[in-house]
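The values are calculated or read from the model by the stated rules, or taken from the named source; none is laboratory data. Given the structure is predicted, the values throughout are model-derived calculations rather than measurements. Please note: Cβ atoms are built from the backbone with ideal geometry, for glycine as well, and neighbour counts cover all protein chains shown.
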Amino acid sequence: MENKNVESEKGLNCWYVAAAMALLLIFAWLMTDCSGALLAMPVVAGVAGGKHVVGEPLTIAVAKQNSPDLIVNEIDRRIVKIRPMATPVDQLSRWAGAKRAGSMIVDYYSVDTRPTTAVVTSDWIGPDETGSAAFQEASFSVDNPAVIEVSETLLVKGVKGYEIDGVTSSNQDLVLYVTGKDGNKVKAMAVNGQTLSGFTQCVPSIISGTAIVRMGRAASELDVQTPQFEALPVKSQNFCQIFKMQIEQSTLHKIANKEVGWTFSDQEEAAVYDMRLGMEKNFLFGVKARVHDESKHEDILLTGGIWGQAGGEFSYENGALDQDTVIAMMRKAFTGNAGNKRKVLIGGSGLIEQLNKLESTKVVMAGENVVKWGIDFTEMRSKFGRLYVLLSEVFDECGMENCGMIIDPEYLQKYSHIPFTTEQLNLKSAGVRNTDAIVLTEASCMVLRYPKAHLRIIG
């Protein structure tokens, strides 16, 4: 009997536990809101809508659930001003100073140097084994006769001359003295020619396609005059573009307390940077044009960028930029009447990445930091000249991350019709808005005075 009583008591206890658990589950379900979160039991609504915690300690979890704004987050009072890209072209022009333009349309002149080479377009057949007076003056045509004048000396590339005896071949190229010119025909006698059959200074054969280089003039003792030479500058034109930026702040916003020290001056600084960034893109890739705004009934002038003004261009295969390619690029940038021996290379991240992967060698030395014109550059040196390299994310934004440009700062000129000015607008007195407002304005353009001194890099 006792065993049966014990077993019945154990069965009743199990039923009690199961019933209690079921009641707890039902209670938890009833106290759960629509989002599934369990409502805190110790929070009691007050008579005026407040909340009171009873029966347990006040924790952060309870406070955030019932009064989210009570616990204040830590606030970093410093404002990080993001400047993701520089404006090197605008910086270079401002450092050198802008010229005052008296009109929105700028006409400027540039002059380059006279060409020094020409190509022979007809064969001159020289003596074989027997000389004669007919071989002492050569006659041949050239592709660019304007390069050559009477009394000038010419170096014939690839055609060897002779020593003083006229028999021994020289290690120097043939040199000619121009005696006459008729149209595209040039007459010239040899300076270091061949001697055959007693006839000295015979001109050896010169085949079509041979390059000749113009050297200096040679006058006689009694010469007073010489063929004239004048250089005329070439006229070019660009439009000044009116760049504007307006910053406004209401009076209530100005006097309101703020979590961080963000003032009107900070807004102005950010606006100036954004304005310069937009100007940089126009100065680089803008298209010179005049458009008519029908809504304003006015013409708007757009400035032309220096990308299209550059007189040189260098192309490379993307992903295959090696030391030989860089040397060839620097050769093109610094030779051929190409200006100064120190220039600036700005480029997109793709081009700079490939340059950065090159190993520093004795031929191309890189890695030194140089501060010029207020900008921190990386210097690349070669026998041709020096390049100051800088990343310009403007190229990336314009979809030209593998492209770049070599600029000669000496021949980069900025014209300003309206210098950079700040004007306060009194919108309150005008009855427009209750705000403090300023307008930033500049009307300017950028030109390359000597286009051949600058090089586009296309990858």
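Does Ile306 satisfy the condition of being more than 25 Å from Leu427 (Cα to Cα) and of a type in the set (A, V, I, L, M, F, W, C)?
yes
Among the residues of region 149-158, which ones are of a type in the set (A, V, I, L, M) and surrounded by 20 or more Cβ atoms within 10 Å (Cβ to Cβ)?
Leu154, Val156
Can you find even one residue in region 314-328 that is more than 25 Å from Trp373 (Cβ to Cβ), among the aliphatic types (A, V, I, L, M), in contact with a helix residue (DSSP H, G or I) (Cβ under 6 Å, 6 or more places away or on another chain) and surrounded by 14 or more Cβ atoms within 10 Å (Cβ to Cβ)?
Yes: region 314-328 contains one or more residues that are more than 25 Å from Trp373 (Cβ to Cβ), among the aliphatic types (A, V, I, L, M), in contact with a helix residue (DSSP H, G or I) (Cβ under 6 Å, 6 or more places away or on another chain) and surrounded by 14 or more Cβ atoms within 10 Å (Cβ to Cβ).
Among the residues of region 105-122, which ones are in a loop (DSSP other than H, G, I, E, B) and surrounded by 18 or more Cβ atoms within 10 Å (Cβ to Cβ)? So that I can check it myself, show each step before the final result.
We begin by selecting, within region 105-122, every residue in a loop (DSSP other than H, G, I, E, B); these are 111-116, 121-122.
Of everything in region 105-122, nothing turns out to be in a loop (DSSP other than H, G, I, E, B) and surrounded by 18 or more Cβ atoms within 10 Å (Cβ to Cβ).
Here are some conditions: (1) assigned by TED's automatic domain parsing to the domain that holds Gly336; (2) part of a loop (DSSP other than H, G, I, E, B). Pro204 meets all but one. Which one does it not meet?
All conditions pass for Pro204, except number (1).
Go through (1) in contact with an Asp or Glu (Cβ under 8 Å, 6 or more places away or on another chain); (2) closer than 21 Å to Arg331 by Cα and name the single condition Arg342 misses.
Tallying (1) in contact with an Asp or Glu (Cβ under 8 Å, 6 or more places away or on another chain); (2) closer than 21 Å to Arg331 by Cα, Arg342 fails exactly one: (1).
Does Ser236 satisfy the criteria of being small (Gly, Ala, Ser), part of a strand (DSSP E or B) and either under 30 Å from Cys398 (Cα atoms) or in the same structural domain as Ala138 (by TED's automatic domain parsing) (or both)?
Numbers: small (Gly, Ala, Ser): yes; part of a strand (DSSP E or B): yes; either under 30 Å from Cys398 (Cα atoms) or in the same structural domain as Ala138 (by TED's automatic domain parsing) (or both): yes.
Answer is yes for this residue.
Got at least one residue in region 208-226 being out of contact with any strand residue (DSSP E or B) (no Cβ under 7 Å at 6 or more places or on another chain) and either at pLDDT 85 or above or closer than 30 Å to Tyr273 by Cβ (or both)?
no
I need the strands (runs of 3 or more DSSP E) fully contained in region 357-447, keeping only those with at least 1 residues that are over 25 Å from Ile242 (Cα atoms).
Because the criterion is at least 1 residues that are over 25 Å from Ile242 (Cα atoms), the strands (runs of 3 or more DSSP E) in region 357-447 that meet it are 365-372, 375-381, 386-391, 404-407.
Mind counting the residues in region 96-137 that are at pLDDT 85 or above and more than 30 Å from Arg290 (Cβ to Cβ)?
17
Does Asp436 satisfy the criteria of being surrounded by 15 or more Cβ atoms within 10 Å (Cβ to Cβ), of a type in the set (Asp, Glu), over 26 Å from Asn238 (Cα atoms) and assigned by TED's automatic domain parsing to the domain that holds Gly459?
In short, yes.
Being out of contact with any helix residue (DSSP H, G or I) (no Cβ under 7 Å at 6 or more places or on another chain), touching a residue at least 60 places away in the same chain (Cβ under 8 Å), surrounded by 14 or more Cβ atoms within 10 Å (Cβ to Cβ) and not aliphatic (A, V, I, L, M): is that true of Phe140 here?
So Phe140 passes the test.
Do we find that Ile375 is surrounded by fewer than 18 Cβ atoms within 10 Å (Cβ to Cβ) and either touching a residue at least 60 places away in the same chain (Cβ under 8 Å) or within 17 Å of the chain's Cα centre (by Cα) (or both) in this structure?
Against the criterion (surrounded by fewer than 18 Cβ atoms within 10 Å (Cβ to Cβ) and either touching a residue at least 60 places away in the same chain (Cβ under 8 Å) or within 17 Å of the chain's Cα centre (by Cα) (or both)), Ile375 qualifies.
Thr200 versus (1) surrounded by fewer than 17 Cβ atoms within 10 Å (Cβ to Cβ); (2) modelled with pLDDT under 90; (3) among the β-branched types (Val, Ile, Thr): which is the lone unmet condition?
Thr200 satisfies every listed condition except (2).
What are the residues in region 285-307 that are surrounded by fewer than 16 Cβ atoms within 10 Å (Cβ to Cβ) and in contact with a strand residue (DSSP E or B) (Cβ under 9 Å, 6 or more places away or on another chain), if any? Break it down stepwise before answering.
Going through region 285-307, the residues surrounded by fewer than 16 Cβ atoms within 10 Å (Cβ to Cβ) turn out to be 287, 289-300.
If the condition is that a residue be surrounded by fewer than 16 Cβ atoms within 10 Å (Cβ to Cβ) and in contact with a strand residue (DSSP E or B) (Cβ under 9 Å, 6 or more places away or on another chain), then Val287, Ala289, Arg290, Val291, His292, Asp293, Glu298, Asp299, Ile300 are the ones that fit.
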